[in-house]
Amino acid sequence: MSIASIENKLLEATVKLIEAAAVWLPDDVENALLKAYEIENIPATRSFLKAMIDNVKIAREKRLPICQDTGVVMFHAAVGDKFPFTGLLPSILRKATVEATKRIPLRPNTIDVFTGKNPGDNTGRYMPWIDWDFVEGSDTAEITVLLKGGGSEVIGRAKNLIPAEGLKGVMKYVIEAVYEAGPQPCPPIIVSVGIGPNVSTAMKLAYKGLLRPVGQRHEIPEVAKFEEELLRAINDIGFGAHGMRGKVTALDVHVDYAPRHPATLSVAVVINCWAARRASMRIYPDGRVEYLTHPHLNKEVV
Amino acid sequence: MAEYSLRTPLSEEDVRKLDIGDVVYITGTVVTLRDAGHRRALELLARGERLPIDLKDLVLYHAGPVVRKVDDRWEVVVIGPTTSTRMEVYEYEMIEKTGLRMIIGKGGMGPRTAEACKKYGAVYTVYPGGAAALQASQVKRVVDVYWLDLGVPDAMWVLEVENLGPLTVVIDSKGRNFYDEVYAEARRKIDTEIYPRLGIK
Ligand code: SF4
């Protein structure tokens, strides 16, 4: 295949990836909602959860966006050092964003901070956003798209704690963030926490945590235990779906960390609404594409 | 908790009977306005002009739809509530000057809105945020659109809806705010159960 035809193929595949994210909630999130519906017994909470679950089905069947706020388009690219098309990716991801905005359609959400202009295609300075990771020894690239809605992004925050506050201080910071957010970020939410030597690394880790499926624990047992404790504490707050009261305020909590500096302990929290729109695909060195979160799409791909 | 199906125009009696936590489904006319629309509406009213549509006894919706034009007609692709707190600064006056009876949004509103609801007979309700495809199926037709110069999301969309819901009453016309009570309970749980258990503070 020529480079131009590979480029076209990957562009199409990426538009499809964005569409999958917008209209088809990943199974792990949908299952967590179904479980919440089973657990809750307050009528208003149940009627809200039922509406959300019905909505997920309608969106999938009619290929409509799950939520009218289709968010900001954020990519994560984990690229192998032997992957041959790394240089093509930035322009492909950008073009795919423009095309997906037209086709699905996505709501145009990028407003230039200085001119106030909205180009209408979800691009702009640095947009769509791309985070890069490099994977040694691999010849594939794994691309994930997150559509991040404003209602939950507005809750994201970071702080330098006093090291003496320790992990309990981290817990308190996260619990207070969830408390203050209340029903605003459309609970049940997914909470992702990063801890590190400065707010930048902490925030980066927090965002990366959103790539992890709901229900998957951290591979380090101490961190996994911390996640479980935090999840239980957040659910005990009792907001429930959209603040209607209930047992499930968060579908999951993800935590990751980097070492701290002796003088610092930084924590970052990002919150995803229940409409946690995420889709991943793997690109092979021959240009073949495999959808990971939405495997049904593999049948439609040549 | 009770469940009601209501039809616009709403009477004062219709909304006065509603309590926080009640679930409501609306059939009839709802009108969307976000921040920019609220600002323009209040400017017009302050100059003694009339709004393109009289909001008296109608439902105001904090939403910006995704729409498309099919032939010459607008069609709602998806629609859902936006965070209402941004409209708190405008809502007392909106209720006072227009006589609207019901607001739909998400995330809750503050004491000024609650005061207006009590004084003039209105309620604030929430729709489950994010359920945009479901809600689009409850919108029967776009009746009209005004102020498109504000952009599609911020324009004033007049929609005919059928059984729009579930809506939960968060502020009733008796001075109660559901979310204030939920927050108070949450604070109590955090301070008396969660933090002591975790050894925090
Ligand atoms: S917070 Fe999420 S679910 Fe709620 S309105 Fe925004 S994007 Fe939609």
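The values are calculated or read from the model by the stated rules, or taken from the named source; none is laboratory data. In this text the structure is predicted, and so the values were computed from the model without any measurement. Neighbour counts are summed over all protein chains in view; Cβ atoms, including those assigned to glycine, are modelled from backbone coordinates with ideal geometry. Accessible surface areas use protein heavy atoms only, side chains included; no ligands, DNA or RNA. Shrake-Rupley method; radii C 1.70, N 1.55, O 1.52, S 1.80 Å.
Side notes on the structure shown:
- MRE, 222 nm, helices only [DSSP H, n ≥ 4, -39500 (n - 2.57), over chain A, to nearest 500]: -12500 deg cm²/dmol
- Other residues with beta-carbon under 15 Å from the beta-carbon of residue A:57 carry, at +1 per Lys or Arg and -1 per Asp or Glu, a net charge of 0.
- Helix-only [θ]222 nm of chain B, DSSP H runs n ≥ 4, -39500 (n - 2.57) each, per residue, nearest 500: -8000 deg cm²/dmol
- Calculated FRET value between residue B:5 and residue A:216, using beta carbons and R₀ = 51 Å, to 0.05: 0.75
- Under 5 Å, built H, 5+ apart or other chain: amide partners of residue A:189: A:250, A:251
- Gained length - residue A:154 relative to residue A:31, 0.36 nm times residue gap less alpha-carbon distance: 41.7 nm
- Heavy-atom accessible area with a 1.4 Å probe sorts A:81, B:35, B:172, B:72, largest first, into B:72, A:81, B:35, B:172.
- Take the Cα of residue B:185, go 7 Å toward its beta carbon, and the backbone nitrogen atoms of segment B:1-37 under 18 Å from that spot belong to B:1-3, B:19-24.
- Area accessible to solvent at residue A:269, 1.4 Å probe radius, in Å²: 0
- Residues A:148, A:172, ordered by accessible area of protein heavy atoms at a 1.4 angstrom probe radius and largest first, appear as A:172, A:148.
- Working from Cα pairs under 8 Å separated by at least six residues, relative contact order for segment A:169-274 is 46 percent.
- Largest to smallest in accessible area, the residues A:114, A:134, A:226, A:48 fall in the order A:114, A:134, A:226, A:48 (1.4 Å probe, all protein chains included).
- Bridgeable aspartates and glutamates around residue A:204 (alpha carbons under 12 Å apart, same-chain partners fewer than 8 residues away excluded): A:131, A:133, A:256.
- Straight-line cross-link reach from residue A:35 at under 16 Å between alpha-carbon atoms covers these lysines, not counting any fewer than eight positions away in the same chain: A:50, A:57, A:247.
- Karplus-derived 3J(HN,Hα) values for segment A:143-155, using 6.51 cos²θ - 1.76 cosθ + 1.60 with θ = phi - 60°, are 10, 10, 10, 10, 9, 9, x, x, x, 8, 5, 5, 8 Hz; glycine and proline are entered as x.
- Long-range tail of P(r) for segment B:3-198 (Cα pairs > 28 Å, %): 24
- Net charge of Cβ neighbours under 14 Å - reference residue B:123; Lys, Arg +1; Asp, Glu -1: -2
- Annotation for segment A:245-283 versus segment A:166-238: alpha-carbon center distance of 5 Å.
- Which listed pairs, of A:95/B:140; A:62/A:299; B:174/B:201, have C-alpha distances above 26 Å, in listed order: A:95/B:140; B:174/B:201
- In plain terms, the C-alpha convex hull of segment A:192-252 casts an average shadow of 4.7 nm² when viewed from every direction.
- Cα-projected label distance for residue A:1 with residue A:261, points at 7 Å along beta-carbon direction, nm: 4.6
- Neighbourhood net charge (15 Å Cβ-Cβ; Lys/Arg +1, Asp/Glu -1) for residue A:221: -4
- Cβ screening of chain A for cysteine pairs under 4.7 Å finds these without a partner: A:67.
- Amide H contacts of residue A:135 (H built 1.01 Å from N, under 5 Å, at least 5 apart or other chain): A:79, A:80, A:81
- Rolling a 1.4 Å probe over the protein chains gives residue A:62 an accessible area of about 120 Å².
- 19 Å Cα-Cα reach of residue A:117 towards aspartates and glutamates, excluding residues that sit fewer than 8 places from it in its own chain: A:69, B:35, B:149, B:154
- Globularity index of segment A:134-274, i.e. its alpha-carbon radius of gyration over 2.2 N^0.38 Å: 1.04
- Sequence-separation-based contact order of segment B:3-198, relative, with Cα cut under 8 Å and 6+ spacing, percent: 28
- Rounded accessible area of residue A:39 (nearest 10 Å², 1.4 Å probe): 70
- Taking amide H positions as modeled 1.01 Å from N, with prolines and chain starts lacking one, the residues under 5 Å from residue B:4 and 5 or more places away or on another chain are B:23, B:24, B:25.
- Contact order, relative form, for segment B:68-142: 40 percent (alpha carbon pairs under 8 Å, 6 or more residues apart, mean separation divided by residue count).
- Chain A, Rg to Rh (Cα coordinates; Rh as Kirkwood inverse mean 1/r): 0.97
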